[in-house]
1. May I ask you to evaluate 6.51 cos²θ - 1.76 cosθ + 1.60, the Karplus curve with θ = phi - 60°, for each residue of the stretch A:142-153 and list the ³J(HN,Hα) values in order in whole Hz, giving x for glycine and proline?
2. Any idea how far the Cα center of the stretch B:1-78 sits from the one of the stretch A:160-232, in Å?
3. Would you kindly state how much longer the chain becomes between B:Asp232 and B:Ala86 on full extension, computed as 0.36 nm times their sequence separation minus their alpha carbon distance, in nm to one decimal?
4. Over all distinct Cα pairs, what is the inverse of the mean 1/r for the stretch B:44-84, reported as the Kirkwood hydrodynamic radius in Å?
5. In terms of the Cα gyration tensor, with a ≥ b ≥ c the square roots of its eigenvalues, is the stretch A:162-230 rounded because a/c is under 1.5, prolate because a/b exceeds b/c, or oblate?
6. Taking H placed 1.01 Å from N in the peptide plane, check which residues at least 5 places from A:Ala324 or on another chain put their amide H under 5 Å from its amide H.
7. What nm value, rounded to one decimal, do you get for the distance between A:Arg256 and B:Cys169 when each label is placed 7 Å out toward the C-beta?
8. Could you work out the relative contact order of chain B, using alpha carbon pairs under 8 angstrom and six or more residues apart, expressed as a whole percent?
Amino acid sequence: MMAAPCLPRAAAPLVAFAELLRQSEFPISSEQVTDFLKAVALLGPRSMDHLFDAARATFGPSPDRRQEFALLFRRHFYGEVDGPDDGVKGGMARRGDADDAVARRARDVRREKGGTLSSADEVLAARDWDDDDEGRGALSRFRRLLGRSLPVRASFRTVPARARGQLDLRRSLRTLVRTDGDIPRPRLKRRKRVQRNLLLLIDISGSMKLYTADYLKVAHAIVQGADRAEVFTLGTRLTRITAALRPASPIQALERVSHCVADWDGGTRIGSSLGALVATPRFAAFARGAAILILSDGLERGSHEEMERAIRQLARRAFRLTLATPLAADPQFQPETAALRGILPVLDDLIDGSSISSLTRFILALGAPGAVARNKGKREQCDR
Amino acid sequence: MRLEAAPDEGVAARAVSPERIAAELASVSYIADQSLATVIFLALRLGKPVLLEGAPGVGKTEAAKAIAQILGRDLVRLQCYEGIDAAQALYEWNYQRQLLAIRQAGEKDVDIYDDRFLIARPLLKVLKAPQDSVLVVDEIDRADHEFEALLLEFLSDFQISIPERGTLCATSRPVVVLTSNRTRDLAEALRRRCVYHYIEYPDAAREAAIIMLQAGDVAEATARAVARAVRDIRARPLAKPPGIAEAIEWANAATVLEKGGSPWPEAFRRAIGMLVKDEEDLATLGPELGDIVEAALS
């Protein structure tokens, strides 16, 4: 029997770095580890910069996680604790402390992705989520129905059609060639229908504390059931939580969300958070033609002009823009704040956001025949 | 059949070190930082595709063109869009010619699946002559997931399966560059197959150097001022932050206006349409533009 080939001793720290990345939830394949070793050999390496460049090129961390990747690199190869300014702090004795501190720092950096740092007056509170049975059945039904209830648009990809389509010349000719010139009937094609993007923006400020848990449960069901959905939280900063909501188990997903959001129950700066969303090209592109649902009471602590401007920018991109506010549960509700009055002309819907059932009912009706954005004309008038 | 990972000799001769790659790129007017030069060096030596991500206008496609130039190869570009499929990317049969051939042949046998009837699209073109071309799969994030899946076979084994002909395999590893504006996340399977680099906007000094290299008749002081102002403008929450190409156009346009009699700050202000191409952004910048330009010129 052949003995398994063993790695050269010098390769051990490199492979251990790949293992550390895997532990930190970087998806690293064996082929990437092999490429990393080859890259290091090709580069010499003549400096630690070469080692870092080789790691970054072959493991390819996404821009969201580049800082975290760099921290892990410094932790592994330098034994560094807080950052590059502290210098190299090697030595096995200090490694345990360094691990904890850098892991904490890495977690902090992960929280920052997609948004800006919050101010000191934020209330940072980790959340616990109860395994609430109530409404679970309704949410699972909502998730099942979601796929065929969301609004759709015509994709540029075409699919074969049985009737009422355009002539598919390519397929017709192909059939003609195969049947030696004898074609029973022309082949047809039609544009494939794909779900519109669904963008959910959840206000997690102190005034919305009662509703946040329900909103996140709905968000989880949406991420599980929709083809293209993005979810962000708005508080004193903007945080993308779509990735955290990916696990199928709601409990697991909500726990991940509770760790990646740092501004629970703090103040509200909706305007600057939405401004950050619109100013990020990939998120602004996602909002184009999307059904956008903002779950908020609209009580802006920042400048209401900033909020109006940001909502107007979103409205211009959106297929349909909706504000769901728990205040609308009151039949006497009238928008009274300057911010709410300012954004009213560009909203397509202002709905009751006080319960899971009212939200799910509205979302499931988004794709119903005849359900179109009512305010399109009004928005254009506003823009002029 | 699986390809050897080693690149062909021509590529290996060019890719001696990251520093040499950077120097060669500079010789074709592309200024790359050390990280990008290292990534290109590794991709060429490991025989892997390069995935370049970054905001629009940072020079991703230009990097691919520069690679083709330094290797002395043709650039084969596949521009992605939603709905792109195998017929546009891989190959297509020329059905009209096939039908004509069948008619002409009459009772005789005719092979309607030989090369005469095969229209090679970019991926097949590169597969047939990997040593003569550099393939750019541009803006892969615009394509849908189905197309990404289609690319996987090509990028891992550099082979294409044609049902009527069997599997065609490249004789050597082609040089492939994928670019993405990151409007959506690409599949992990695709990222894993590539050597990855995220191109940031250049710092002011490097951008000034790029402007001087690319723009025709721009003075050094103007290039530096443009680089500083553009950096300041990019830091603002704009819907469409200006890219390097826009900065070059702005520098050129302001220089033309200045030569036509507009004094400096005014020339920059009047040429702003070359830099900022969005109505909302112009409205946002309008009140502050004068200060930005003054600060950049001082």
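1. Once rounded to whole Hz, the list reads 4, 4, 5, 7, 4, x, 9, 10, 6, x, 10, 9.
2. 37
3. 48.2 nm
4. Details: mean 1/r = 0.0833 Å⁻¹.
Value: 12.0 Å, from the Cα pair sum.
5. prolate
6. A:Ile294, A:Leu295, A:Ser296, A:Ile351
7. 3.8
8. Details: 471 pairs, mean separation 60.7, N = 298.
20 percent.
Throughout, read-outs are computed from the coordinates displayed, never taken from laboratory work. Because the structure is predicted, anything quoted here is derived from the model rather than measured. No Cβ is skipped: glycine too gets one built from the backbone with ideal geometry, and neighbour counts run over all protein chains shown.
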